[in-house]
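Beneath this line is the structure, given in structure tokens, with notes to follow.
The values are calculated or read from the model by the stated rules, or taken from the named source; none is laboratory data. Source: prediction; values computed, not measured. All Cβ positions, glycine included, derive from the backbone under ideal geometry; neighbour counts span all protein chains shown. Just the protein is used for accessible areas: all its heavy atoms, side chains included, with ligands, DNA and RNA removed. Shrake-Rupley method; radii C 1.70, N 1.55, O 1.52, S 1.80 Å.
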Amino acid sequence: MCTASKPEGEHVNVRFGLTPEQETFRDEARRFLSAEHARGSFTPLYDGWLIGWSPELSHKLAARGWIGMTWPAQYGGQGRTYLDRLVLTEEMMRAGAPVAYHWHADRQVGPAILAHGSEDQKQWFLPRISQAEVSFCIGMSEPGAGSDLASLTTRAQWDGSGYIVNGQKTYITNAHRASFMYLVARTDPSVPKHRGLSEFIVELGLPGITVRPLLDMAGGHDFNEVYLDNVRLPGSTLLGQRNQGWNQIVKQLDYERAGIERLMGNYLLFGDVMAYVLKTHGKREQPVADAVVRAKLSELAVEMEVGRLLIYRVAWILTEGKVPTYEAAMAKTYGAEFQQRLANTATRILGLHGQLLPSSKHRLFHGLPATCYLRSVMQTIGGGTSEILRNIVALRGLGLPSK
């Protein structure tokens, strides 16, 4: 919500804020998450939207209508705005809530089905997503097709009665526990690479699908390789129009890049380090070092607020029914690089103890600083590299020439 006034006829005073209803909703979400944490329903996690797998908590959120909340009521949604959804997701990030079970389905697969799916797909999948009955992973990247996604080689060949899929996907988050995969495959290799792609909804229990773990630098397992060996898909699994997948993908990526999780995934570390410095540095006889540390944390606090404004801007654009292309790219780039700066600053402030992983008995903050530092490397890669996203800002936002 934005209000403007011009009291003296010279300057316009602009105030940004949420509606009273949205502020009430924030309080409700905060109380709910606090109560669930207090009763032991979950342990707060860094990147809980990626690694925090809790069907139980997702079911409780679904019971409140907080999954698919922007979708029409006929498909299990609440018809609420993207600003409402952002208020909820921001509180989940603050709480470190483990919401990976429904995250990808709620954030991008559901909107893709709503925009491009058949009526049967909408009627079957959307209510089940909103009730946390199914979970999704995203089958886009391949060993030779990351930033240049259109170069993917996974094939889906029509044999007259269905599609036969062969190929490999990599860095697929939660493929080892999701029930479905949103899959992008090449259906026409004879045309330019951007024109021969299609999207599918694939049940991960089908014969011919093999999931193998990929461990990250911190020893965590949420990434996977997925191999598809003569996997048969009925024609009804095609999402949208055949060979028009690229046009559908670029719209979905705006949803993937626009969320506040890109900024606040390691918010727990932000709060812990702030509290640690306020508690310890004021007692030390190191006024110069103390001033440097406080200045750095103040800088991070300001950067956090700037990031929030960029993301609220994207939510406002979505609420108005528009497509945030370069705005989403800006928000994702800023948020990912902020998470890296925060993790780097935290480990420097905390010293050697900040470098200990959870396996050490001397770990500080349960090994969170070191884990965040190691995992922050992927932030500027997954969901679109910073280089690619800066190109989007340059071309679509600033109108710069492509050559």
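Look through region 296-311, keep the residues that are exposed (fewer than 15 other Cβ atoms within 10 Å of the Cβ) and hydrophobic (A, V, I, L, M, F, W, C), and return whichever of them is farthest from Thr345 (Cα to Cα).
Leu309
Out of Phe223, Phe200, Phe136, which single residue is open to solvent by 20 Å² or more (accessible area, probe 1.4 Å), in contact (Cβ under 8 Å) with a residue 12 or more places away in the chain and touching a strand residue (DSSP E or B) at 6+ places or on another chain (Cβ under 9 Å)?
Within the list Phe223, Phe200, Phe136, the selection yields Phe223.
Report, by residue number, each residue of region 139-172 that is open to solvent by less than 20 Å² (accessible area, probe 1.4 Å) and either more than 20 Å from Arg242 (Cα to Cα) or outside any loop (DSSP other than H, G, I, E, B) (or both).
Passing the criteria: Gly139, Glu142, Ala145, Leu149, Ala150, Ala156, Gly162, Tyr163, Val165, Lys169, Thr170, Ile172.
Going by what's in this entry, would Val314 be described as at pLDDT below 95 and loosely packed, with under 13 Cβ neighbours inside 10 Å?
no
Among the residues of region 296-316, which ones are without any contact (Cβ under 8 Å) to a residue 40 or more places away in the chain and over 27 Å from Gln252 (Cβ atoms)?
Listed by number, the residues that qualify are Ser298, Glu299, Ala301, Val302, Glu303, Glu305.
Give region 205-216 a look and list any residue that's under 21 Å from the mean Cα position of the chain (by Cα) and in a loop (DSSP other than H, G, I, E, B), or say none.
Leu215, Asp216, listed by residue number.
Of the residues that sit in region 370-391 and are assigned to a helix (DSSP H, G or I) and either among the aliphatic types (A, V, I, L, M) or at pLDDT below 85 (or both), which one is nearest to Glu261 (Cα to Cα)?
Selected residue: Met378.
Of the conditions (1) out of contact with any Ser or Thr (no Cβ under 6 Å at 6 or more places or on another chain); (2) part of a strand (DSSP E or B); (3) open to solvent by 30 Å² or more (accessible area, probe 1.4 Å), Leu228 clears all except one; give me its number.
With (1) out of contact with any Ser or Thr (no Cβ under 6 Å at 6 or more places or on another chain); (2) part of a strand (DSSP E or B); (3) open to solvent by 30 Å² or more (accessible area, probe 1.4 Å) applied to Leu228, the lone miss is (3).
Only one of these conditions is not met by Ala4: (1) modelled with pLDDT under 95; (2) under 30 Å from His176 (Cα atoms). Which number is it?
The failed condition is (2).
Would a scan of region 66-73 turn up a residue that is open to solvent by less than 10 Å² (accessible area, probe 1.4 Å) and closer than 30 Å to Pro369 by Cβ?
Scanning region 66-73 turns up no residue that is open to solvent by less than 10 Å² (accessible area, probe 1.4 Å) and closer than 30 Å to Pro369 by Cβ.
State whether one or more residues within region 392-402 are surrounded by fewer than 16 Cβ atoms within 10 Å (Cβ to Cβ), hydroxyl-bearing (Ser, Thr, Tyr) and either out of contact with any strand residue (DSSP E or B) (no Cβ under 8 Å at 6 or more places or on another chain) or in contact (Cβ under 8 Å) with a residue 40 or more places away in the chain (or both).
Yes, there is a match, as at least one residue in region 392-402 is surrounded by fewer than 16 Cβ atoms within 10 Å (Cβ to Cβ), hydroxyl-bearing (Ser, Thr, Tyr) and either out of contact with any strand residue (DSSP E or B) (no Cβ under 8 Å at 6 or more places or on another chain) or in contact (Cβ under 8 Å) with a residue 40 or more places away in the chain (or both).
Being in contact (Cβ under 8 Å) with a residue 60 or more places away in the chain, hydrophobic (A, V, I, L, M, F, W, C) and more than 24 Å from Arg177 (Cβ to Cβ) narrows it down to one residue among Leu263, Leu228, Leu233; which is it?
Leu263
If we scan region 58-65, do we find a residue that is at positive phi and modelled with pLDDT under 95?
Within region 58-65 (the criterion being at positive phi and modelled with pLDDT under 95), the answer is no, since none of the residues qualifies.
Within region 12-131, which helices (runs of 4 or more DSSP H) (wholly inside it) include 3 or more residues that are in contact (Cβ under 8 Å) with a residue 60 or more places away in the chain and of a type in the set (Asp, Glu)?
Result: 82-95.
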